[in-house]
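Let me begin by presenting the structure, written as C-alpha cells, before commenting on it.
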Amino acid sequence: MSQAHPLPGLNGLRALACLSVVIYHLNQHRSVTDLAQWNWDLYQFVGMWPVNISLFFMLSAIMGSLPFWRSILREFPLPKARTLLVNRFFRIAPAYYVALLFTFFLVIVLNGYSEGAFLRLIAGATFLSWTHPFTFFPVDINGPLWYISYDMMGALLVLITMSIAVRVRKIFIPLIFLCIGGILIALHLWFTSLSFPILDGIIGEWFPSYNPFIFGLHFLLGMIVAGILIWREKNHSSHFFRYDILFILASIGLVYFLWEIRGARDFDYSWLNSAHRFPFATIIIALIIGLAPETKYIGKWLDNHLFHTIARLSYSVYLWHAIVIVLMIEFAFDGQHDLLMPEWLILAWTTFVWAFSLSWLSYTYIEIPVSNWWRVRSERKKMGK
C-alpha cells in the first residue's frame, strides 16, 4: 500500500486566506474621508474578503475527511472518529483558551467587568457561543474568536458524516451527502425562525443567519472536494498545465465577482440569507482548492517556504491579530479608528510584526508542546493496551 502524501498547494491557500483576514481587519481602520474613486473601490473590495472564511471551513473539512476517504477509496486503515475528534480538540483548544482568557482579563483591565461577561466566556470555552446572540462574541475586542465554535461544530459534522460514509456501500455515499445537506438546510430554516432578542451592532445583522447548520454546507462541500482529490490520488493522476490555466481562470473569476459586488451588504448575492456569498463564491473557492493540488506549477509555487511558514502560524495569527490591532489603536493612536494612510501603514506594519511574533510564541510554546504531549500520551496508552 502506497504512503499517503500531502496535497500540494493547500498550505499556500491557507497562508493567503490568513493574510487576507488580517488585511480585512486592518482595512476597517482606514480613513474613508476624501478618498479617490479608485481608493474607495479598493476599500470596498477588501471589505468582500471575508468570503475566505469559506476557504478556512473547507480546508478544515478536507483535512478532517482525508483519512476517511483514503480508507474508502484506497483501503487505508479505518480511522477512529473519537481519536480524530480528541486530536482536533487538543490542536484547537489550548491556544484558543489562552487567547480567550487573555482577552477576557484584558477587557476587564481596559473597560471593567460587564454583566454577563463570564457567561459569554463559558459559552466560548464550551464552543456553544453560536447558540445565542448574547454569547456570539465570547469576549470583547477580539471579534474573530466567534469563528472557533463554528469550526469545532464543523469538525464534529465532518466526523459524523464520514463515519457514516465509511460504513455504507460506495454507491450510497452521494445519497448520504444529499440527506445530510437537506437536514442542514432544514435545521438552518428552523434555527432562523426562532425568536431571539435583537442586539445592536453587527450581532443584530449576523445572528441567527450565522449558524453551524448553514456553515455546515461549506464543510460538506469541502468533504466532497476531498473525495475527488483522493479519487484522483488513487488513480495516480498526472499534474497537467491545463489545471494551472483553470486555477488562474477560477481565481480571476472570484476576484472579478467580488470586485463587481463591492459594497454589497453582508447577505446580498447569497442563498437562504447565508453568509460569505454562499453558494456563488463558495463554489468558486471549492474549485480553486480542488484544482491547486492538480496543477503542474502553481501548487509547487504555493508551497514556497514563506507561505508554508505563514500557514503553520495561521491559526495563531487568527487568534492574536485583533488584540494587536485593538491595543495599537488604543495606546498608539489614542483610540482613533479612522487613520490616514501614513498612520495606517504604521498600524499595518506593527500588526504584522507583533501578530506573527505572538503567533510564533503561541505555536512554539502552546500548540506544539500540547499536541506532542497528547500524541505521546496516546501512543503510550495504546502500547499499554
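List of remarks:
- Residue in the range 128-141 that is open to solvent by 40 Å² or more (accessible area, probe 1.4 Å) and at pLDDT below 95 present: yes
- Restricting the first member to the range 149-170 and to residues that are over 15 Å from Ala226 (Cβ atoms) and among the aromatic types (Phe, Trp, Tyr), and the second to residues that are in a loop (DSSP other than H, G, I, E, B) and open to solvent by 30 Å² or more (accessible area, probe 1.4 Å), no beta-carbon pair is closer than 8 Å while six or more apart or on different chains.
- Applying a threshold of 7 Å to beta carbon distances and a minimum spacing of six or more residues, or different chains, the list of pairs starting in the range 95-114 at a residue that is within 13 Å of Leu358 (Cβ to Cβ) and of a type outside the set (A, V, I, L, M) and ending at one that is at pLDDT 95 or above and part of a helix (DSSP H, G or I) reads Thr103/Ile323.
- Condition met for Ser71 (open to solvent by less than 40 Å² (accessible area, probe 1.4 Å), among the polar types (S, T, N, Q), in contact (Cβ under 8 Å) with a residue 60 or more places away in the chain and within 21 Å of Leu254 (Cα to Cα)): no
- The number of residues in the range 298-312 that are open to solvent by 20 Å² or more (accessible area, probe 1.4 Å) and in contact with a His (Cβ under 8 Å, 6 or more places away or on another chain) comes to 0.
- Residue match in the range 327-335 (condition: touching a strand residue (DSSP E or B) at 6+ places or on another chain (Cβ under 6 Å) and assigned to a helix (DSSP H, G or I)): no
- Within the range 248-271, the set of residues being within 21 Å of the chain's Cα centre (by Cα), surrounded by 15 or more Cβ atoms within 10 Å (Cβ to Cβ) and not small (Gly, Ala, Ser) comprises Leu254, Phe257, Leu258, Asp266, Phe267, Tyr269.
- Note on the range 313-358: among residues that are touching a Lys or Arg at 6+ places or on another chain (Cβ under 9 Å) and farther than 24 Å from Leu35 by Cα, the one that is least open to solvent (accessible area, probe 1.4 Å) is Ser314.
- When Thr33 is tested against (1) closer than 21 Å to Ile289 by Cα; (2) out of contact with any helix residue (DSSP H, G or I) (no Cβ under 9 Å at 6 or more places or on another chain), just one condition goes unmet, and that condition is (1).
- Applying the set (1) of a type outside the set (D, E, K, R); (2) open to solvent by 50 Å² or more (accessible area, probe 1.4 Å); (3) closer than 17 Å to Val21 by Cβ to Leu361 leaves exactly one unmet item: (3).
- The listed residues are Leu175, Leu184, Leu220, and the only one of them that is assigned to a helix (DSSP H, G or I), open to solvent by 60 Å² or more (accessible area, probe 1.4 Å) and either without any contact (Cβ under 8 Å) to a residue 12 or more places away in the chain or among the aliphatic types (A, V, I, L, M) (or both) turns out to be Leu175.
The values are calculated or read from the model by the stated rules, or taken from the named source; none is laboratory data. Bear in mind that the values here come from a model prediction, so they are computed numbers and not experimental data. As a convention, Cβ positions derive from the backbone with ideal geometry for all residues, glycine included, and neighbour counts pool all protein chains shown. Protein only, heavy atoms only, side chains kept; ligands, DNA and RNA dropped before computing areas. Shrake-Rupley method; radii C 1.70, N 1.55, O 1.52, S 1.80 Å.
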